[in-house]
Structure formats: C-alpha cells, structure tokens
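K.L.:
Before we start, here is the structure in question, set down as structure tokens.
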Amino acid sequence: MKNDVAIGKNRTGIALSPIDKRELLEVTEMTIPSMEGDETFIADARAEYIGEGAVIGTVPPPASVKGVASTGVAAVKGVNSSVLVDKLSERLAFERTGTRLYSALIGKCESGEALPGGPTTADLQKIHAEERAHFELVREAIVSLGGDPTAMTPSADVAGVASMGILQVVSDARTSLKQSLEAMLIAELTDNDGWALLIALTRAAGHEELARRFEQARAVEDEHLVKVRRWVADATLGAAKPAAKGTA
C-alpha cells in the first residue's frame, strides 16, 4: 500500500527555518498597507454584486404536454414543480459524476494498490454499475414527467461545480486509494442526503410510485455509504498501526 503519510522532505512549514521565520515576521511589521481600511470594502463590493439579482440559471418550461400535466398535478398538491425538476436534474448530475468517480477508483484498485479490509475491484465495479443504474433511473424519471434530462438547471450546475474538487482528488495519479476513498466519503454523504430530499419532494408532488423507486435506490446508496466508511476506517487504522499489522 502506498504510504501517503510518510515523513519526508516537506518544507512547507515555517518552523523548519527559524532564521527566515524571524525575517519574514520583521518584514510584516515594517510593511505599510497600500491603502486604509479593512475587509469592509470587499464586503461592500460583494453585497453590490449580490444586490444585482443575478442567478446561476433557471428551470426550463415543460418540454411536452406530459410535462404540463405533471406541473398541474404538483400544483394541486401545493408543490412548485420547478423545485422537483431542479432537484431531479441535480441528482442526475451527481449520479453522472458518481460513475466517473468510481471509474477512477477502479483504475487505482487495478493498478495493484491494496488496502486492508478492501475494497476489491469487484466491490468498486458493483457500485459503479449501481451508480450508473441510478443515473438511468433519474433520467427516465425526468422524461416520464415530461422534462428534458439534458437541461442544466441551477442545482445541477451547483452540484457539478461542487463535485469538481472530489473528482480532481480521485483522478489525481498522486493520490492514494485511501485518500481517494476519503474524498468519496464526502460524495456518498452528500448523495445520501440528496436522495432523501428528492424522495420527500417526489412524494409531496403526488408521484408515489416514483418515490418508491427512489427509496429503493436510496437503500442501495445507504450500502455504498456504509462500505466507504468502513474502507476509510480500516485503511486509516491500518496505516496508523503498521507494526501491529505485521505481527498479527
């Protein structure tokens, strides 16, 4: 297993060079600010941008007669259908990213790096297939409600941007399988809560059968979360006690 916490030539901390540390602190005391004021100016600038009312995006109108009908059903239930469409698109974007994340994890596992307690390549391939199935489930749900699964809604856009850091960690050739799993834990925790909220919205909008299918998907996602948690814990504890491992 690649040792991602070994002591090495890390010189990023200032404490390793006390002379330079003293000189740097002396410079800060001698430096005169280029302008008067504090963070109030930047806060005012941000408030001005926020006040302009710009938004990330919008939810598209219904793409078909079926979509109009679905909007009407939700309205009767007292639910704004655009919120449901937005969250469906968010889950679609997240599940798409999930398949890519597990593809990257499979590559790292196949490279020969092993962790105490797993995962195996077969474990990751199974989850990858389930994430892809969930993507198809949400895509079909959007179509069945008369929506457009190719539309980028506000929540889908935000989810895509928020997931970029996780994808960068998992795809980086320098990160270990353990580090990648730690990033995946963030994704699985978010995914789990996302499904719970989507189920509540779907049921509130009157789509009971769809909500039941989503509950089945969430049950599978619960299993993913349990597995990733266990893999991260086993890998971390195994790295912390290498001597105990070797004598077991």
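K.L.:
Per DSSP H run of n ≥ 4, the term is -39500 (n - 2.57); total these for the chain, divide by its residue number, and report the mean residue ellipticity at 222 nm rounded to 500 deg cm²/dmol.
P.N.:
-24500 deg cm²/dmol
K.L.:
Residue separation times 0.36 nm, minus the C-alpha to C-alpha distance between Leu225 and Thr12: what's the value?
P.N.:
Additional length available on full extension: 73.3 nm.
K.L.:
OK, next. Just how large is the dipole of segment 138-248 about the Cα centre, in debye to the nearest 20, putting +1 at every Lys and Arg Cβ and -1 at every Asp and Glu Cβ?
P.N.:
560 debye
K.L.:
Could you tell me which of Thr58, Ser81, Thr99 has its Cα farthest along the dipole of the chain towards the positive end, charges placed at Cβ (Lys, Arg +1; Asp, Glu -1), taken about the Cα centre?
P.N.:
Checking the options against the dipole of the chain, the answer is Thr99.
K.L.:
Please go through segment 108-189 and write out the trypsin sites (Lys or Arg not before Pro) that DSSP classes as loop and that have at most 12 other C-beta atoms within 10 Å.
P.N.:
Listed in order of number, the matching sites are Arg174.
K.L.:
Another question, if that's okay. Please express the Cα-Cα pair-distance distribution P(r) of the chain as a list of whole percents, one per 10 Å bin, running from 0 to the bin with the greatest distance.
P.N.:
P(r) over the chain, rounded to whole percents: 6, 23, 22, 20, 17, 9, 3, 0.
K.L.:
Let me ask something else about it. How far apart, in nm, are two points set 7 Å out from the Cα along the Cα-to-Cβ line at Met35 and at Asp193?
P.N.:
3.7 nm
K.L.:
Moving to a separate point now. Please check which bits of segment 133-161 a label hung off Thr58 would reach, taking the label as a point 7 Å along Cα-to-C-beta and the cut-off as backbone N under 17 Å.
P.N.:
148, 151-157
K.L.:
Which of Ser17, Val226, Leu210 sits farthest toward the positive end of the charge dipole of the chain, with +1 on the Cβ of Lys and Arg and -1 on the Cβ of Asp and Glu?
P.N.:
Of the candidates, Val226 comes out farthest on the positive side.
Quick note: the coordinates plus some simple rules give every number you see, no bench work behind them. In this text, all values refer to a predicted model and were calculated from it rather than measured experimentally. Cβ coordinates were reconstructed from backbone atoms using ideal geometry, including for glycine residues, and neighbour counts include every protein chain displayed.
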